[in-house]
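Everything on this sheet refers to the single structure shown next.
The values are calculated or read from the model by the stated rules, or taken from the named source; none is laboratory data. Computed from a prediction, not measured in an experiment: that's the story for all the values here. Neighbour counts run over all protein chains shown; Cβ positions are idealised from the backbone, glycine included. Calculation scope for accessible area: heavy atoms of the full protein, side chains included, ligands and nucleic acids excluded. Shrake-Rupley method; radii C 1.70, N 1.55, O 1.52, S 1.80 Å.
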Amino acid sequence: MAAIEKMSGSDWQELDKEHHLHPFTDHKALHKKKSRIITRADGVYIYDADGNKILDGMSGLWCVNVGYGRTEIIEAAAAQMKELPYYNNFFQCAHPPSIELAAMLSELSQPQFKHVFFTGSGSEANDTIVRMVRRYWDLMGQPDRHTIISRKNAYHGSTVAAASLGGMKPMHQQSGMPIPGIVHVDQPYWFGSDRSLSPDEFGIAAARSIEDKIKELGADQVAAFIGEPIQGAGGVIIPPETYWPEVQRICDEHGILLISDEVICGFGRLGEWFGADFYGTKPDFMPFAKGVTSGYLPLGGVMVADRVADVLIDKGGEFFHGYTYSGHPAACAVAMANINIIKRENLVDRVKSDIGPYLQQGWAKLAEHPLVGETRMVGLVGAFELVRSKETLERFEEKQGVGTICRDLLVDNGLVMRAVGDTIVCAPPLTLSHEEADELLEKTWKCLDLTQEVTAGLQEDP
Ligand SMILES: *Cc1c(COP(=O)(O)O)cnc(C)c1O
């Protein structure tokens, strides 16, 4: 191994291959291609070990909402680490950063949320919710209400309970998931349907699949419904406008708790503080993570509505659950500095009425490209669908890997976006400038052309 300061990109790649198991990675395939080593970042750009400058159209993993290189956040972490680098919130203790952040989050969210339970990640937030939801119904004298309804293709994290809540088949197939008491219904993915219904009709139908499941199980068995306001990792599935009001009606009518997974949609992504605000739902739980710290340090948590918190507090005694890093002081200090930036720079409003509409307008024009079957974007999160035929919206065969081809071309041309099958997804930092948005769109168009050249070759040679 070379001295660290002399390591080249390929030295890092070798060392990585020797010792490092990556999340969600086929290592054999990776070792053929080599990993991309990112060494630094600034604003909306990341830089790799070979010196390439790449526009980060994914905000890291949907989390760097305020962009990279924010001195204010870095200094907040350093100052907190000097004062109190660690202490726990167990055993009748607390510390100022966790208390202050809890109050701040309560202030930012809907009035029913006065309490926060901190975790280290979004997965841990959802594990917490599985336990809290069931504890709540036990305390309410309805111990049979243990089943949680989620959706196919949802992503709620990668711990056992969170992955069970998620609706990713390949994840379930690998480790005996889902755990008992978690069932999945249809996702509101109009483009992925047969499109025989209008989007509005389809939104109602998708919501009704929740009601059908409730009737099948019996409402007295159903504890909660969980959904991301917009499914992120599943391919930025933006539901028709009819969907969430109908879901809210169904939850209300059957007395079921509503969980709005805000891990991606929270902290300004949709041009409101939370996705629930955007869609007008009134959830009982909001798991959050990612954007709460813009990824500068790991932190997650659960906003708990009074309806639940009051029962847990008044009747529950000790709740045997918590993490060593629940409310880590440095992570909480970082979250507050991050939220202060979002407030001071009006980033939520900026997404709603400035950069959001600006990027959306350019994004919609990508639909004119012969390879694009649909575009969609809300706030600063969007997707487009690659299709073989614009007329019939017929898709490519999965094994052709056209989404991956397009994604690789994008990265080679200095823009990170992600491929979910043949859906290309985008979620840039909320600080994206108009010029950077133009760059993002120009690069995307160029790479669509390049992808088309490759797919033309694929079609001739089946
Ligand atoms: C990323 C994500 C999670 C999991 O968060 P981690 O911090 O990776 O555990 C949960 N829910 C949603 C919607 C996510 O996008």
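Which pairs, out of Lys53/Lys343; Lys169/Lys446; Lys28/Lys53; Lys6/Lys34; Lys114/Lys282; Lys290/Lys443, put more than 22 Å between their alpha-carbon atoms?
Lys53/Lys343; Lys169/Lys446; Lys28/Lys53; Lys290/Lys443
In whole Å, what is the distance between the alpha-carbon centres of the stretch 233-282 and the stretch 384-462?
28 Å
Take every Cα-Cα distance within the chain, group them into 20 Å bins from 0 onward, and report for each bin the whole-number percent of pairs it holds.
24, 57, 19, 0
Evaluate the distance, in nm, between pseudo-label points positioned 7 Å from the Cα of Asp138 and of Lys34 along their respective Cα→Cβ axes.
5.4 nm
Quote the accessible area belonging to Asp200 in square angstrom, nearest 10, computed with a 1.4 Å probe and with ligands, DNA and RNA left uncounted.
Its heavy atoms expose roughly 80 Å² to the probe.
Would you mind computing, in nm to one decimal, how far apart the modelled labels at Leu21 and Glu216 are, each placed 7 Å from Cα along Cα→Cβ?
In this crude label model, Leu21 to Glu216 measures out at 3.5 nm.
Ignoring ligands, DNA and RNA, what accessible area per residue does the chain give at 1.4 Å, in Å²?
44 Å²
Which longest uninterrupted range of the chain lacks any chymotrypsin sites (Phe, Trp or Tyr not before Pro) assigned by DSSP to a loop state (not H, G, I, E or B) and surrounded by at most 15 other Cβ atoms within 10 Å?
Excluding the exposed sites themselves, the longest stretch runs over 92-318.
Under unit Cβ charges (Lys, Arg +1; Asp, Glu -1), what dipole magnitude, rounded to 20 debye, does the chain have relative to its Cα centre?
The dipole magnitude comes to about 700 debye.
Of all the accessible heavy-atom surface of the chain, with the other protein chains kept in place and a 1.4 Å probe, what percent is carbon and sulfur?
The computed percentage sits at 53.
Which length gain, in nm to one decimal place, applies between Val160 and Gln92 when the Cα-Cα distance is subtracted from 0.36 nm times their residue separation?
Length gained, Val160 through Gln92: 21.6 nm.
Considering only C-alpha atoms, what is the centroid distance from the stretch 323-347 to the stretch 26-59, in Å?
Measuring centre to centre over Cα atoms gives 26 Å.
Which percent, to the nearest 5, of DSSP beta bridges fully inside the chain are antiparallel?
Taking every DSSP beta bridge within the chain, about 70 percent pair in antiparallel fashion.
I'd like the FRET efficiency for Glu453 and Ala78, computed as 1/(1 + (r/R0)^6) with the beta carbon distance as r and R0 of 45 Å, rounded to 0.05.
0.35
When a/c reaches 1.5 or more, the comparison of a/b and b/c decides; with that in mind, is the stretch 71-344 rounded, prolate or oblate per its Cα gyration tensor?
prolate
Looking at the calculated P(r) for the stretch 1-124, what percent of the C-alpha pair distances fall above 20 Å?
66 percent
What is the distance, in nm, between label points placed 7 Å from the Cα along the Cα-to-Cβ direction at Glu394 and at Gln173?
The modelled label-to-label distance comes out at 2.6 nm.
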